[in-house]
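A short worksheet on the structure shown next.
The values are calculated or read from the model by the stated rules, or taken from the named source; none is laboratory data. Everything numeric in this text was worked out from a predicted model, so none of it was measured. With ideal geometry, Cβ positions are generated from the backbone for all residues, glycine too; neighbour counts draw on all protein chains shown.
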């Protein structure tokens, strides 16, 4: 309970119940065995107010004991109350001091108890039997204190809200059984039976299943122990109520009456004295009437609140089986796309050039040479090889002329012009064919690359899905206990994923402190967690989902200016989140400026975002985009800067393709990022400059378009300017650098200009 708890109506009822429990526990044993002391100590352990608990213990003792026992009860209440009150104010755990104080209280009881069987004889010598008796009694009280503390915590914080663990359920039942025994001895068995009937009816109405038989068994124990009443009697009552409760409350009450009268006939109840017979009838009639008078909304509320414990093994097994099935299907689909990639790659192989020259030579001989009168003479002198030389030159140059004819062929051939015409015509047709073939091959290779990318994505997803959910039962129990100690009641706690991708889900009641939940979970699991979602399930029921908190966070700054006289900028930037811990930044500079350059850069950035979100490999992404740009009929190319940054460790994978200088600002040092590769869309083969860097706290990664770098004239001037600009705020850095470049242009933007900056800093919770 909260230190500043408000004594609401429910709180008052709670203390009244605990007072009654202390009173009746006095009568459990013979001669005043101090069971109530165990409950008093359990109340303090559970966090109830020390002063109020001490007063309740003192008054409960005085109501059942003689004034001779007042000093003992007063001393025990004062000792334990002061210790717990002091620890409460100091904010310390009272475990060790409280145990010592409890032992001292037991000594007080044994030494000054007015009841002879439990008092220590003050006259020497002490008997071994007396001392051993006190040791056994002290051990019993210690044991009961532990049992009552577990039961009381469960009843205060978890009952009617969430599942109870096995030990909590057993200890709670034992707690009520002992109280029931006290009721039987303090009043009589008949009065207890009336209370038990009412509890059985209410419990059966709330559960509407055979669970009520367990309740009937627990309720049967006190009269069986104290009054010798057979426990099967209560089982009959329980069975009758369970059978008829689904039909309504009135049928259940009538069934209880019927069993009472029938069983009473065989038990000889009607032969009792009139007073006892009336008491027995009232023990059934009053609970039945009170049960029927319970408002229906209250009944529905009890039905909704009473939740029993169930392990989640079956649900996890079902989830893992489904994940494995999905993984297998994805593997099969991945194999299909892999076959598609292999097929398109094989079809894309261009083998036409191997027999092209032989084909051209055959066509020339067939169309020109065979109709010549010198055909046999030329073939006899081996001039076929000379024709091959002419074709080789023509294929290399794209066209032949008289100067390309070998000397031996020129001396012998009488139709040189006809040969040249035939060769050039065949070479022209062949070159058109080869262009079409190469375009088709490029298209097939592009499709092959796409199929490969899809295959890789599906394979990775299949591997993730095939991994079964790790069960953290022990950690879940630890979290449940830790939350309960902090006053946070959870009906379910579920941990999923591995250490790198840990997800914690829990269902809480009331307005729980989300910061406290995250702090406790982070401490227990040994990793930094943050609440990513908080879903409302009902008026007072919430679902909280926590993920691993990255070590770093990032701040971004962008400054951009369109070339003077243009309506659209050829520079496009992007900042996207790939997953929970990684993000991508990119800057694309399309060829030239204006609308056409804008379309190029926007298309490039759009493709980058789509591919990276799909988690395609970086090399495949760039190769595919390059193929698409080179496939265009128009001259299309773009300079690109890409960085993928991991917020867990600051690792940055930087790719520069034909782009100008980039920089990493780290304290007083400046690292230059250069690129020697050609822009995207120029050559079919791509050789990007890829590097990996480790960014630290407050490091700034800076990407620039050529409109910025061109303004400074040299990298040295740009280098000196950057060293003079404060880098603590990435947006201020981007604005300052853009304004400096614009001033060097004389206030007129001679090209599209863009500055993209990102700065790492530690997460606020680290």
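What to note about this one:
- Any hit, region 566-577, residues being part of a strand (DSSP E or B), touching a residue at least 24 places away in the same chain (Cβ under 8 Å) and surrounded by fewer than 18 Cβ atoms within 10 Å (Cβ to Cβ): yes
- When 444, 425, 431 are checked against the criterion of being at pLDDT 80 or above, over 18 Å from residue 529 (Cα atoms) and part of a helix (DSSP H, G or I), a single residue qualifies: 425.
- Some residue of region 459-475 being modelled with pLDDT of 75 or more, touching a helix residue (DSSP H, G or I) at 6+ places or on another chain (Cβ under 8 Å) and either exposed (fewer than 14 other Cβ atoms within 10 Å of the Cβ) or closer than 30 Å to residue 511 by Cα (or both): yes
- Residues within region 73-97 that are modelled with pLDDT under 70 and farther than 15 Å from residue 42 by Cα, tallied: 2
- Scanning region 736-751 for residues that are touching a strand residue (DSSP E or B) at 6+ places or on another chain (Cβ under 7 Å) and either surrounded by fewer than 13 Cβ atoms within 10 Å (Cβ to Cβ) or under 22 Å from residue 672 (Cβ atoms) (or both) gives 737, 738, 741.
- Number of positions in region 592-613 that are surrounded by fewer than 19 Cβ atoms within 10 Å (Cβ to Cβ) and touching a residue at least 60 places away in the same chain (Cβ under 8 Å): 0
- Residues of region 713-739 classified as closer than 30 Å to residue 762 by Cα and more than 45 Å from the chain's Cα centre (by Cα), total: 1
- Subset of region 655-674 [in a loop (DSSP other than H, G, I, E, B) and either touching a helix residue (DSSP H, G or I) at 6+ places or on another chain (Cβ under 6 Å) or under 12 Å from residue 643 (Cβ atoms) (or both)]: 659, 660, 661
- One residue stands out in region 160-187 among those that are outside any helix (DSSP H, G or I) and modelled with pLDDT under 80: the one that is surrounded by the most Cβ atoms within 10 Å (Cβ to Cβ), namely 162.
- Leading residue by the ranking (nearest to the chain's Cα centre (by Cα)) among those in region 268-281 that are modelled with pLDDT under 75 and surrounded by 15 or more Cβ atoms within 10 Å (Cβ to Cβ): 279
- Residue check, residue 230 assigned to a loop (DSSP other than H, G, I, E, B) and assigned by TED's automatic domain parsing to the domain that holds residue 283: yes
- On inspection, residue 528 passes the criterion of being touching a helix residue (DSSP H, G or I) at 6+ places or on another chain (Cβ under 7 Å), surrounded by 13 or more Cβ atoms within 10 Å (Cβ to Cβ) and in contact (Cβ under 8 Å) with a residue 60 or more places away in the chain.
- Residue in region 247-264 that is in a helix (DSSP H, G or I), outside the structural domain of residue 179 (by TED's automatic domain parsing), at pLDDT 85 or above and under 23 Å from residue 182 (Cβ atoms) present: no
- Considering region 676-710, and only residues there that are modelled with pLDDT under 85 and more than 15 Å from residue 659 (Cα to Cα), the residue that is farthest from the chain's Cα centre (by Cα) turns out to be 683.
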